[in-house]
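To start, the structure itself, in structure tokens.
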Amino acid sequence: MDWLTFLNVLDSAVRLSTPLLLACLAGLFTERAGVVDIGLEGKMIAGAFAAGAVAVFTGSAWIALLAAIGASVFFGLVHAFACVTQRGNQIVSGVAINFIALGLAAVLGHSWFEQGGKTPAPPVSGRFTSIDLPYAAEAAQMGPVGRFYADVVSGHNILVYFAFLAPFLAWWLLSRTRFGLRLRAVGENPAAVDTAGVSVARLRYSGQIICGALCGVAGAYLAIGLNAGYLNNMTAGRGYIALAALIFAKWRPVPALFVCLLFGFLDASANRLQGVSLPSVGVVPVQFIQALPYILTVILLAGFIGKAVPPKAGGVPYVKER
Amino acid sequence: MNLDKTEPTAVPAAIELIGVSKSFGPVKANSDIHLRVAKGAIHGIVGENGAGKSTLMSILYGFYQADSGEIRVNGQPVRIRDSQEAIRLGIGMVHQHFMLVENFTVLENVLLGAEGGALLGKGKAEARAKLAELAREHGLEVDPDALISDLPVGAQQRVEILKALTRGAEILILDEPTGVLTPDEADQLFEVLRQLRAEGKTVLIITHKLREIMAITDAVSVMRQGRMVGTVRTAETSPEQLAEMMVGRRVLLKVEKGPANPGPAALTVENLTLRDGAGVERLKNVSLTVRRGEIVGIAGVAGNGQSELLEAIAGLRRPTSGRILLDGTPIPHDPRALREMRLAHIPEDRHKMGLVLKFETRENSILGYHLDHRYGGALFDRAAIEAECQSQMEAYDVRPPNSRLKTANFSGGNQQKIVLAREFERGPHALLIGQPTRGVDIGAIEFIHRRIIEMRDAGKAILLVSVELDEIRSLSDRVLVMFDGRIVGERSPEADERELGLLMAGVTGAGERGAA
């Protein structure tokens, strides 16, 4: 693989890891608050469909983004209502949301656009287009490093740059602010938060709202950033890979960035390696590379790469003890 | 102002409860409670499990709302809607199960809920200064940057007290504060409490340990079945009187037992060493013998290898080296086979090991013996199980005697009786008993202790592990002290408590020469 090809793979790795990273951070905010969320996938689908549909109707990418966030936060509130207020089973609620979102997108898409569930391509104004960073064209002429800047760093849309900034914001929020301290505490020992006179429910709802918003951005990115329009089930299991990445990153935001980049890189290489015969290995089945994120996570969970300790109160509804 | 005519002092009471009631569904947890806690006093509240002490304190701390009645703090009628309100009124609480985030530092735990702004930076600096000041004034030393999970229990409790004090608590409520402490740590705690009293702070301490009440409080209120039985001055009462008020009848606090009549050795442990999954040595070359007809008590602070010793003998953990003999035969590493060899085990934690709480009592009454042909084998003979359970419940006075009730719905004392009945009634030769009266009310403690003595007098070999030193001393015929996985000494149960306490803390020196 020469340098240019490598940069090409890196470039698509950045694009492919963006939705993963957003979804992974979404999961991080809710799980650090003690609410397990297997419904990232469904929230992303809701966001992607809303973005696709609204972009067609309005022709505005920003309004479409807001719609995506709104749809996804709505499902987040449903999850919070089921898990926090009603103290339901968090896995069941998350799975239900995945089914509902997928089904609803197909039904609505079919009845509104009659294109078999997908939305028509929105106009250019209804999409997030690539931004060329300053001096990208000049840098491309200036050797391998310049090329890296021009091909990998520059030329993405605004949501990509947001996604790569988000882990640092999340880190700051969690470690330096009152909200972050309380959010982390409520995922470890909600009773400690309650006895300190702080509302457990409100914090967990906040976690779900942030989670919904980030999933909405991820969905919008898929529908009107990476692609043009919503396709049936276009998240393709990214919500689950994001959960794997979350475990791999040990529920910490900055490591999440690197894990998602790694997973995105694996994804990009899988596309590139399709049918290519490697020396002494032969043709690597694409499925193997696609399965690598899961395999790596299982190896991690088996304790070979450090130890991933989830937030202690994760998955357990909070009930005041008598 | 203060309208209470019984005590016409100018200073209003720190806390006054007037006719407070609280129900949970049909259960009256508190009914018509009246209580007066004088400012600058240490006031004890005693009562059995389920007497309503914790509910009452939770009402004071805003965890629950009273259904009716009035609360006054410093003479002012107040409504305490949530914990934040209680904190504002100067009420701080140290819960029995600490309300700490284990993977947070001390500082972060102190900060939680009182951050002093949306950003942590400034609040952190202030809290750090405040902690240093409190450490200076009260000797409440603790490293602000240490992780809670790395701190010993006594230090964790100190963090809880610091949390309350940094929030400006004038009234400190402690719920069963000594349950997890060594005698030495408890003494240190009492010293801190006395000092707080000297500064005019009010301390409310909930406990079921009468000895501590006698040692530290100025006045005691006794609760029974959700009611306040009465308040007495500590100087004018006795443990016997308090116990009687708690239970509603006369209670024998002292275990009555004759001298032991030991026979041949039944259980022998030779050079037992045990390394846990993480490679840490939990037992180091432990040897001991229990003879028929005697009770050997293992004293020690929790976590010094007692649990591992019990579990190794019970076949639940495989020792790294050493031998365990029952009547001269090496034992198999198989709890079921051991049960058939008539070695019974009362596990330390009945919730984790002794019982399946979601099972009905009759299912628990045969748990572990369920393969016995008496119960029908693969298809259970329900009538036989029912009869077995009924007879056990009757013999051990389990209340309510309902074999279909889920075990979780019984009180701690009755759950323990269910375990004891199952294990004792099958005629074991040797008994391993861990924490027989943990979370058990006084009335049931008396009953359980009597049964254990009866087993001894019937010629059983009994190995007893308890973190309650009083229990070890009153039941055992010989006391072995464990520290850091070793047996560091043997004493008679009449040995000086201080001496035993020092041994438990690992101080072996002068006293050791006198050991057998």
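For A:Ala139, the conditions (1) away from chain B (no Cβ under 14 Å); (2) within 20 Å of the chain's Cα centre (by Cα) are fulfilled apart from (2). Taking region B:19-64, which residues are in a strand (DSSP E or B), modelled with pLDDT of 90 or more and either small (Gly, Ala, Ser) or not assigned by TED's automatic domain parsing to the domain that holds B:Lys201 (or both)? Selection gives B:Gly19, B:Ser21, B:Ser31, B:Gly44. Residues in region B:461-469: is at least one surrounded by fewer than 24 Cβ atoms within 10 Å (Cβ to Cβ) and farther than 21 Å from B:Glu176 by Cβ? No, the conditions are met nowhere in region B:461-469. Taken over region A:197-230, the residue count meeting the criterion of being in contact with a Lys or Arg (Cβ under 9 Å, 6 or more places away or on another chain), closer than 19 Å to A:Ala53 by Cα and among the β-branched types (Val, Ile, Thr) is 1.
Is it fair to say B:Gly368 is at positive phi and either exposed (fewer than 15 other Cβ atoms within 10 Å of the Cβ) or in the same structural domain as B:Leu464 (by TED's automatic domain parsing) (or both)? Considered against the rule, which asks whether it is at positive phi and either exposed (fewer than 15 other Cβ atoms within 10 Å of the Cβ) or in the same structural domain as B:Leu464 (by TED's automatic domain parsing) (or both), B:Gly368 comes out as no. Can you spot a residue in region A:126-134 that is part of a loop (DSSP other than H, G, I, E, B), charged (D, E, K, R) and over 30 Å from A:Ile210 (Cβ atoms)? For region A:126-134, residues part of a loop (DSSP other than H, G, I, E, B), charged (D, E, K, R) and over 30 Å from A:Ile210 (Cβ atoms): present.
Results for (1) over 17 Å from B:Ile161 (Cβ atoms); (2) aliphatic (A, V, I, L, M); (3) touching a Lys or Arg at 6+ places or on another chain (Cβ under 6 Å), shown as yes or no for each residue.
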site: B:Ala86; (1), (2), (3): no, yes, no
site: B:Val101; (1), (2), (3): no, yes, no
site: B:Val110; (1), (2), (3): no, yes, yes
site: B:Lys122; (1), (2), (3): yes, no, no
site: B:Glu126; (1), (2), (3): yes, no, no
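Within region B:191-226, the residues that satisfy the criterion of being out of contact with any His (no Cβ under 8 Å at 6 or more places or on another chain) and in a strand (DSSP E or B) are B:Ile206, B:Thr207, B:Val222, B:Met223, B:Arg224.
Taking the options B:Ala265, B:Ala299, name whichever one is farther than 15 Å from B:Leu432 by Cβ and buried (at least 20 other Cβ atoms within 10 Å of the Cβ). If you could, list the steps in order and put the result at the bottom.
Working: B:Ala265 fails: buried (at least 20 other Cβ atoms within 10 Å of the Cβ).
It is B:Ala299.
So for region B:44-54 (the condition being within 11 Å of chain A (Cβ to nearest Cβ), free of Cβ contacts under 8 Å to residues at least 12 places away in the same chain and either in contact with an Asp or Glu (Cβ under 8 Å, 6 or more places away or on another chain) or surrounded by fewer than 17 Cβ atoms within 10 Å (Cβ to Cβ) (or both)), does at least one residue qualify?
no
Buried (at least 16 other Cβ atoms within 10 Å of the Cβ) and under 25 Å from the mean Cα position of the chain (by Cα) - does that describe any residue in region B:277-292? Looking for residues that are buried (at least 16 other Cβ atoms within 10 Å of the Cβ) and under 25 Å from the mean Cα position of the chain (by Cα), one finds at least one in region B:277-292, hence yes. Among the residues here, A:Thr177 qualifies as within 14 Å of chain B (Cβ to nearest Cβ), surrounded by fewer than 21 Cβ atoms within 10 Å (Cβ to Cβ) and among the β-branched types (Val, Ile, Thr).
Taking the listed residues B:Ser23, B:Ser31, the one that is surrounded by fewer than 20 Cβ atoms within 10 Å (Cβ to Cβ), more than 14 Å from chain A (Cβ to nearest Cβ) and either touching a strand residue (DSSP E or B) at 6+ places or on another chain (Cβ under 8 Å) or in contact (Cβ under 8 Å) with a residue 12 or more places away in the chain (or both) is B:Ser31, with no other qualifying. For region A:179-228, residues that are in contact (Cβ under 8 Å) with a residue 60 or more places away in the chain and assigned to a helix (DSSP H, G or I) total 34.
Quick check on region B:308-323. Is at least one of its residues buried (at least 17 other Cβ atoms within 10 Å of the Cβ) and hydroxyl-bearing (Ser, Thr, Tyr)? No, region B:308-323 has no match at all. Considering region A:277-322, and only residues there that are exposed (fewer than 14 other Cβ atoms within 10 Å of the Cβ) and within 14 Å of chain B (Cβ to nearest Cβ), the residue that is farthest from A:Gly207 (Cα to Cα) turns out to be A:Gly303.
For (1) within 30 Å of B:Leu267 (Cα to Cα); (2) basic (Lys, Arg); (3) at pLDDT 90 or above, each residue gets a yes or a no:
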{"residue": "B:Ile385", "(1), (2), (3)": "no, no, yes"}
{"residue": "B:Ser391", "(1), (2), (3)": "yes, no, yes"}
{"residue": "B:Gln415", "(1), (2), (3)": "yes, no, yes"}
{"residue": "B:Val419", "(1), (2), (3)": "yes, no, yes"}
{"residue": "B:Arg422", "(1), (2), (3)": "yes, yes, yes"}
{"residue": "B:Glu446", "(1), (2), (3)": "yes, no, no"}
{"residue": "B:Arg450", "(1), (2), (3)": "yes, yes, yes"}
{"residue": "B:Ile462", "(1), (2), (3)": "yes, no, yes"}
{"residue": "B:Val467", "(1), (2), (3)": "yes, no, no"}
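Taken together, the criteria exclude A:Ile69 from residues that are under 22 Å from A:Ile224 (Cβ atoms), over 19 Å from the mean Cα position of the chain (by Cα) and among the hydrophobic types (A, V, I, L, M, F, W, C). For beta carbons closer than 6 Å, sequence separation of 6+ or different chains, a first residue in region A:108-121 that is polar (S, T, N, Q) and a second that is modelled with pLDDT of 90 or more and part of a loop (DSSP other than H, G, I, E, B), the qualifying pairs are A:Thr119/A:Gly229; A:Thr119/A:Tyr230.
Report yes if some residue within region A:192-203 is surrounded by fewer than 24 Cβ atoms within 10 Å (Cβ to Cβ) and away from chain B (no Cβ under 14 Å); otherwise report no. No - not one qualifying residue is present in region A:192-203.
Look at (1) surrounded by fewer than 22 Cβ atoms within 10 Å (Cβ to Cβ); (2) under 21 Å from B:Pro436 (Cα atoms) and you find that B:Ala337 fails only one, number (2). Considering region B:66-173, the qualifying helices (runs of 4 or more DSSP H), each wholly inside and each with 1 or more residues that are more than 14 Å from chain A (Cβ to nearest Cβ) and surrounded by fewer than 21 Cβ atoms within 10 Å (Cβ to Cβ), run over B:120-138, B:153-166.
The values are calculated or read from the model by the stated rules, or taken from the named source; none is laboratory data. Quantities reported herein were computed from a predicted structural model and do not represent experimental measurements. Don't worry about glycine lacking a Cβ; one is built from the backbone with ideal geometry, like all the others, and counts go over all protein chains shown.
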